[in-house]
Amino acid sequence: MQTAIAPIRMVDLIGQYQKIKPQIDQALLDIMDRAAFINGPEVKQFQANLEKYLDVKHVIPCANGTDALQICMMALGLQPGDEVITACFTYVATAEVIALLGLKPILVDVDPMTFNIDPAKIEAAITPKTKAIVPIHLFGQCADMEAIINIAKRHNLYIIEDTAQAIGSDYTFTDGHTSKAGTMGQMGATSFFPSKNLGCFGDGGAIFTNDDELANKARMICNHGQSRLYYHDEIGVNSRLDTMQAAILDIKLKHLDEYNTARRNAANYYDTAFANHPNLKAPHRAKNSTHVFHQYTLQTCGIDRNELKKYLAENQIPAMIYYPVPLNHQKAYLQDGSFPITEQLCNCVISLPMHSELTEEQLSYITNTVLNSIKTIVNSN
Ligand SMILES: *Cc1c(COP(=O)(O)O)cnc(C)c1O
């Protein structure tokens, strides 16, 4: 069946690379000629360009998104036993670093429309030990930051935004001003893992902050807690973005808005094809945030999503379940309590191929196959 069109991937890093190959190859060859692998000028250059793009005072590059989250919590001086509130429906890294530092992750349920942390449930989870909130801008759309900022102010809590999936997304406050995802809390953390909206060719990450003191502290922690050469004021880590990754990211940053627009166009195509379908619910688009569609995640109802996934696979269309297990059911993060929305989402979501290179032909094939698949599943029941 699928003879004329290019193979469909969840993420098409090969297609994206082909379009910028000459610049990338040249940049990497230059670095090899200079052997400036660590702390080369490209790192500072990318840092400055990303600060400009995000309109944030400080970008501190580091080795990956998980480190970025950890370094934020270290820079804020969170102490063992402190409670940190985060969402139950997320990738594990968010809760992992909290636990790793001896802090206590307090999971709360999410909003059924946006899949993001539910501000009403944050308020209910606050105790005298609560020190910080970590909202995740899941799948490419900002959490309800205005409500979260108000709660944080009332209770004197820090906010660390996990913006690994939402770089480039814009959040609009009720007074009309707009901020980029990751720049609204005391600190923000992102990942440049290859499949993220801004991805490098290996691991990478960054910390964002508008606070000079926190920026200095984070920079120091990234570099073994060193204040000047061989003077170590803090316990730190070794977490750097290498020069090659920075050079790649600097080239790709110029295309980020275009990449995010291409993702949004693909999402629009999907939305139109699945509109008013009795068994599929397209992702909700919040009024206060643009969506950069790190994932295009459908909710299924009245059908077995595993049958859908299998049928798609038989027709050479990959699909993924992000995420199949609520964090509170993971052995390492067991937590009592009721998280009905997370449970429901873990049972019904399915993510379709989403990247900057999807062609109309591929989108037409994917949507037709999804619709045919559901007809087949419904008729066979
Ligand atoms: C990818 C991701 C991370 C971790 O990033 P790494 O660079 O892989 O360490 C953290 N949080 C979320 C929500 C992510 O999607």
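The values are calculated or read from the model by the stated rules, or taken from the named source; none is laboratory data. All figures in this text were calculated on a predicted structure; none of them were measured in a lab. In this analysis, Cβ positions are derived from the backbone assuming ideal geometry, glycine residues included, and neighbour counts consider all displayed protein chains.
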Among the residues of the stretch 50-109, which ones are under 17 Å from the mean Cα position of the chain (by Cα) and among the small types (G, A, S)?
A63, G65, A68, A87, A93, A95
For the stretch 296-306, does any single residue satisfy the condition of being out of contact with any Pro (no Cβ under 9 Å at 6 or more places or on another chain), touching a residue at least 40 places away in the same chain (Cβ under 8 Å) and assigned to a helix (DSSP H, G or I)?
yes
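What do you reckon, is D162 buried (at least 19 other Cβ atoms within 10 Å of the Cβ), closer than 15 Å to A286 by Cα and acidic (D, E)?
Working: buried (at least 19 other Cβ atoms within 10 Å of the Cβ): yes; closer than 15 Å to A286 by Cα: no; acidic (D, E): yes.
So D162 does not fit the description; no.
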Filter result (away from the ligand (no atom under 14 Å from the Cβ) and polar (S, T, N, Q)) within the stretch 60-99:
Q79
Could you go through the stretch 251-265 and let me know if any residue there is in contact with a Cys (Cβ under 7 Å, 6 or more places away or on another chain) and touching a residue at least 24 places away in the same chain (Cβ under 8 Å).
no
Within the stretch 359-369, is there a residue that is part of a loop (DSSP other than H, G, I, E, B), at pLDDT 95 or above and over 30 Å from I20 (Cβ atoms)?
no
Within the stretch 144-203, tally of residues that are out of contact with any Cys (no Cβ under 7 Å at 6 or more places or on another chain) and closer than 22 Å to A262 by Cα
21
So E213, is it within 30 Å of G176 (Cβ to Cβ) and more than 22 Å from the chain's Cα centre (by Cα):
yes
Just one of A286, A332, A313, A275 is surrounded by fewer than 17 Cβ atoms within 10 Å (Cβ to Cβ), of a type in the set (A, V, I, L, M, F, W, C) and within 25 Å of A95 (Cβ to Cβ); which is it?
A332
When the stretch 133-147 is examined, which residues are found to be surrounded by fewer than 24 Cβ atoms within 10 Å (Cβ to Cβ) and over 23 Å from F192 (Cβ atoms)?
D144, E146, A147
